[in-house]
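Please read the structure below before turning to the comments.
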Amino acid sequence: MWRASRSLLLGALVWLGGALAVPAAEPPARVVSMNVCTDQLAMLVARPGQLHSVSWLAADPAMSVLANEAEGLRLNRGLAEEIFLMKPDLVIAGTFSTRATVTLLQRLGFRVEQFAPVASLADIRANIVRMGDLLGNPSRAGALVARFDADLAALRASPPSDQMLALYFANSYTSGGGTLADAVVEASGLKNLGREMGYEGTVKLPLEMLVNAEPELVAGGGRDFGRPARAQEAFRHPAYRAVAGAGRGIVMDSTYWLCGTPLTLEAARRLAAHADLAAADE
Amino acid sequence: MSERTRFHLLIGVLALVVLLLFGLSLLTGPAATGFFDAFAGLFSDDRGPLALIMQEIRLPRAILAAAIGATLGLSGAALQGYLRNPLAEPGLLGISASASLGAVLALYTGFAAAFPLGLPLAALAGAVVAVLIVQALAGLSGNVLTIILAGVAVSSFAGAMTSLALNLSPNPFAALEIVFWMLGSLNDRSMTHVWLSLPVMIVGWAMLAALARPLDVLTLGEQAAQSMGVDMGRVRFLAVFGTAASVGAATAVAGAIGFVGLIVPHVLRPLVGARPSRLLPASALGGAALLLAADIAVRIVAPARDLKIGVVTALIGAPFFLWLVFRYRRTLV
């Protein structure tokens, strides 16, 4: 009996979800995003009122550049139940979002579009265009792409400084080739130590190796959460301070690096400005 | 060869092994350094990369490995003598886990940032509570079963509370750091950690060393010891606070490292003729050698992965522990 009623309920849910879906030709009127990166991209591209809800991380200034803009929107925690109740026409998720939630939403008949994490500047460009198509706002996406291209061209126009930059994240991680962070460093005209050392992807860089490499600039430090964690303890290590001290250290605002959006170029601009300052000092 | 000469020979050999492993530890690391360059870097004052690596990264690591290993070996031997229990050890009794809890509370609430000595002292407080609880539950009867049960209860409770404290931290990284506090690591420790913990550890060692004579007498039983003029109140104070101070300070900077205090005294006991006063210095040296070797192993096996040192000590220690339980199982039932 219980089993039968449950399958009936599930059937009803599937039917309800199916009825809510609209033909793809018309732009979705009620969009829910459940990943901090798609949140920011959608906020930039969507028409006023089109975006109904973003993830709660989008309103966290430690994670999202557009935390202030997210305040007027409903915040979700990426749970299938709450998203079902919002009755969205379109759900946007990251491929790293909880798989179970995405599968469940699809079974309930919702249209779910997934975005893979970004590994290059070309990916950012492609994602803006795709978001514009999904939200039915290609003109806005086109304008963002044009601006992105212009910003990138402006960065590339200034001569590369050729200084060696070491990226040093919490828990002693660094980024090698094939990562967004590497692309950002390259765009800023600096050389990425991780790539020069032959690393691919995001890997651990022991403090010893960082000291031994003698980089000209070190970008690290990260955000102060008000309470310490061992992950960030290396930034207070005397050896780290010796390498990253005396004008060579750059305190990074990791929010610009976290997601690939048009705003990511701000990180490259800041790096380039630091490199110019460091070069002027010498 | 007299027993006394044999003991001196043993101490000499152990000290030599510790010295060799200390040197080897200084030579181990991901950055390639030549043998002579490395030791030149240790004494150079040019603040170049090699000097920084040797003086600020490898030297504190080697000092801490030796000091923490000595702490664990010494406190294991002292606890086994004091509780007259072959399975007494700071890790198994939950003393390390409780010290971790104290350190985590001090560190992640920001108390340790405002008052640096608060870190080892909070760990010490956590350790004192654990020793007192275990002692109250198991007493000095030498019953193996009750002491293990008390240790299991104390360590799982302290572990759960540590996890809770980390989860409640506003720092998103903190929640993932339970692994460090439960398994321990010496990765990227600095001289700051040495200055913070070593003095407190030395105070603890001095208190445990003062137990040497009373523990010898205590092997005859508590009543006999009292009739021979041993002040049991003083013995209790030295054992509880000596263990808590040394293990607390060690755990505050390196996390809870298990099994060292169990293995070392058992391996060395037959070699010193089962006399606690001789077992204490031998176990301190043996513990230092074991932890230095384990710390070298984690860096050779997986150089860039920050493998936890407690993994290595558990790989050696857990089978040893099972073998001990097997041996003592007649007294368990």
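What to note about this one:
- Average Cα contact separation per residue, segment A:160-281, under 8 Å, 6 or more apart, as relative contact order %: 29 percent
- From most to least packed by mean Cβ count within 10 Å, the peptides A:75-83, B:251-259, A:40-48, A:273-281 give B:251-259, A:40-48, A:75-83, A:273-281.
- Oblate is the label for segment B:36-181. Its Cα gyration tensor axes, ordered a ≥ b ≥ c, give a/c of at least 1.5 and b/c at or above a/b.
- Assuming charge only on the beta carbon of Lys and Arg (+1) and of Asp and Glu (-1), the dipole of the protein assembly as shown about its Cα centre is about 2180 debye to the nearest 20.
- Under a model in which nothing but the beta-carbon of Lys, Arg (+1) and Asp, Glu (-1) is charged, segment B:148-246 shows a dipole of about 100 debye around its Cα centre.
- Annotation: aspartates and glutamates with alpha-carbon distance below 13 angstrom to B:K308 (same-chain offsets under eight excluded): B:E177, B:D188, B:D295.
- Between B:A284, B:A138, B:A114, the GNM of chain B built on Cα springs shorter than 10 angstrom shows B:A114 fluctuating the most.
- For chain B: rounded, prolate or oblate by the Cα gyration tensor [a/c cutoff 1.5]: oblate
- Bridging of A:K191 to lysines at a Cα separation below 19 Å is possible for A:K204, once same-chain residues fewer than 8 apart are set aside.
- Global form of segment B:222-287, assessed from the alpha-carbon gyration tensor, a/c cut-off 1.5: oblate
- With a cut-off of 13 Å on the backbone N, the residues of segment B:277-292 near the modelled label site 7 Å out from B:E3 along Cα-Cβ are B:277-279.
- Across chain B, Cα pairs under 8 Å and at least six residues apart give a relative contact order of 30 percent.
- Using alpha-carbon coordinates, inclination of helix B:191-209 to the longest axis of chain B, degrees: 20 degrees
- Each helix, a run of at least 4 DSSP H residues, gives -39500 (n - 2.57); summed and divided by the residues of chain B, these come to -24000 deg cm²/dmol at 222 nm.
- For chain A, averaging the sequence separation of C-alpha pairs within contact (under 8 Å, six or more residues apart) and dividing by the residue count gives a relative contact order of 17 percent.
- Two-site FRET efficiency, B:A32 against A:N171, from Cβ-Cβ distance with R₀ of 30 Å, rounded to 0.05: 0.80
- Partner chain coverage, peptide B:25-36 - average Cβ within 10 angstrom: 2
- Nearest-20 debye value, chain A charge dipole, Cβ charges on Lys, Arg, Asp, Glu: 1140 debye
- Average partner coverage of A:205-216, which counts Cβ from other chains inside 10 Å: 6
- Estimated from helices alone, the mean residue ellipticity of chain A at 222 nm is -13500 deg cm²/dmol (sum of -39500 (n - 2.57) over DSSP H runs with n ≥ 4, per residue).
- Shielding by partners - mean other protein chain Cβ count within 10 Å, residues of B:168-177: 6
Quick note: the coordinates plus some simple rules give every number you see, no bench work behind them. Remember, it's a predicted structure, so these values are computed and weren't measured experimentally. Here the Cβ is made from the backbone with ideal geometry for all residues, glycine too, and neighbour counts use every protein chain on show.
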